[in-house]
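All of the numbers you see were taken from the coordinates with simple rules; none came from a lab. Bear in mind the structure is a predicted one, so any value in this text is a computation, not a measurement. Here the Cβ positions follow ideal geometry from the backbone for every residue, glycine too, while neighbour counts run over all protein chains shown.
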Amino acid sequence: CAVSGSLIDTYVKCRRMNCARLLYDSLHDQDIISCTALIIGYSLDRNYIRDAMNLFCKINQTGLKFDNIILCSMLNISANEASLDLGRQIHARAVKNRSKHDVALHNALVDMYAKSGELKDAHLAFDEMQIKNVISWTSLITGYGKHGLGEDAVTLFEKMENNGVKPNDVTFLSLICACSHSGLTSKGMNFLDLMVQKYAIQPRSEHYSCVVDLLGRGGFINEAYSFVKKMNVEPN
RNA sequence: GGCCAGAC
C-alpha cells in the first residue's frame, strides 16, 4: 500500500537498503512503486547493481506492466554501467508504452545513449522529442564533452541559446568541462563569463574546479594559480 | 508513496 511504499522510499533515501528490501519482501502487494523505489536505491550504489537487475527480471517474469518511471530508472542503470544492450531493450519497451511525450523518459534515453558513446542515437532521441527542456540539452552537451567532442558541445550550446532555452548551472558546468577536455581554453573562460554576466549564475566550487582544470590542461598553470587565489569560495 | 542532466 501507499504507506509501506513511502516507508521503503524513506529507507532508500537513508541508504538503508537492507531494511528497504526486508520490508519489500514482507509485502503481499509488491507494487510497481515500491519496486521502483528499491531499484533506484540499488542504482545509487555500484555494489547493488546486480540486485537491481535481479529485481527487474523478477518483476518482468510476473508479467507486471512496466511504467515509464521504472523504465527511466533502468535507463539510468544502463547509462551508468554503459550497458548499451540493456539500454536498447529498455528503449524498445518505452516505445511500446507509447511514451512520446514523457520528457523525463526521453531525457534518460538521450543520457543513456550519450553516456554509452552512441552520440548518433543520442542525437536521434533528442531530435525526436516533441518537448525538450534544459535537461535534454544539457544531457547531450555532457555526452559530447565526455567523448572529447568539445566543438560539438559548443555548437549545441549555441543552438540551445538560439532556441531561447535558458542554460542553468549544470549546463555551464558540462560546457566548461567539455571545453576543458577538448583544449578549448579561451572558449571555456568566455563561458564562465557568460554564465556570470548574462545569466547571473553564481559559480559554485564545481565550476571553479572545472576552470582550474581548464586552465591547467591548457598549460596556463600560473593563471590557474592566480584564479584559485581570486576565488570567493573555499578551495578544495 | 516511486522517475531525468554535472568534469577530475
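With both labels modelled 7 Å from their Cα along Cα-to-Cβ, the A:Asp85 to A:His28 distance reads 3.9 nm. Taking every C-alpha pair closer than 8 Å and separated by at least 6 residues, the mean separation divided by the residue count of region A:108-224 gives a relative contact order of 20 percent. Over region A:81-155, Cα pairs under 8 Å with separation of 6+ residues give a relative contact order of 28 percent. Report, ordered by chain and residue number, the aspartates and glutamates lying within cross-link reach of A:Lys65, taken as a straight Cα distance under 16 Å and ignoring same-chain residues fewer than 8 apart. Output for A:Lys65: A:Asp29, A:Asp31. Loop-located GluC sites (Glu not before Pro) in region A:129-189 (DSSP state not H, G, I, E or B) with no more than 12 neighbouring Cβ atoms inside 10 Å do not occur.
Taking packing as the residue-averaged number of other Cβ atoms within 10 angstrom, the listed peptides A:66-75, A:83-92 run from highest to lowest as A:66-75, A:83-92. For region A:111-236, the Stokes-Einstein estimate of translational diffusion at 10 °C and a viscosity of 1.306 mPa s comes to 108 µm²/s, using the Kirkwood hydrodynamic radius over alpha-carbon pairs.
In the structure shown, the pairs A:Lys159/A:Lys187; A:Lys120/A:Lys159; A:Lys96/A:Lys166 are assessed against 23 Å; a Cα-Cα span above that value is assigned to A:Lys96/A:Lys166. Positive end of the dipole of chain A (Cβ unit charges, origin at the Cα centre): among A:Tyr24, A:Ile131, A:Gly188, the Cα lying farthest that way belongs to A:Tyr24. If R0 is taken as 45 Å, the Cβ-Cβ distance between A:Ala104 and A:Asn222 corresponds to a FRET efficiency of 0.55. Peptides A:198-211, A:166-179 ranked from most to least packed by the mean count of surrounding Cβ atoms within 10 Å: A:166-179, A:198-211. Considering chain A as a Gaussian network with a 10 Å cut-off on Cα pairs, which listed residue, A:Lys146, A:Lys115, A:Lys96, attains the greatest mean-square fluctuation? Result for chain A, Cα springs under 10 Å: A:Lys96 fluctuates most.
With bins 5 Å wide starting at 0, give me the P(r) of chain A over every alpha carbon pair, in whole percents. P(r) over chain A, rounded to whole percents: 1, 6, 13, 15, 14, 14, 12, 11, 8, 5, 2, 1, 0. The A:Asn232 and A:Tyr199 beta-carbon pair, evaluated with R₀ = 22 Å, returns a calculated FRET efficiency of approximately 0.80. Put a plus charge on the Cβ of each Lys and Arg, a minus charge on the Cβ of each Asp and Glu, and nothing anywhere else: the dipole of region A:89-178 about its Cα centre is then about 400 debye. Each label was represented as a point 7 Å from its Cα along the Cα-to-Cβ direction; for A:Glu158 and A:Val3 these points are 6.0 nm apart.
Counting only Cβ charges, +1 for Lys and Arg and -1 for Asp and Glu, the dipole size of chain A around its Cα centre is about 160 debye. Protection proxy ranking, highest mean first, for peptides A:136-145, A:24-33, A:116-125: A:136-145, A:116-125, A:24-33, where packing is the per-residue count of other beta-carbon atoms within 10 Å, averaged. The distance linking region A:1-40 with region A:159-236 is 40 Å (Cα centroid to Cα centroid, whole angstrom).
Using C-alpha pairs under 8 Å with a sequence gap of at least 6, the mean separation divided by the residue count of region A:21-94 gives a relative contact order of 26 percent.
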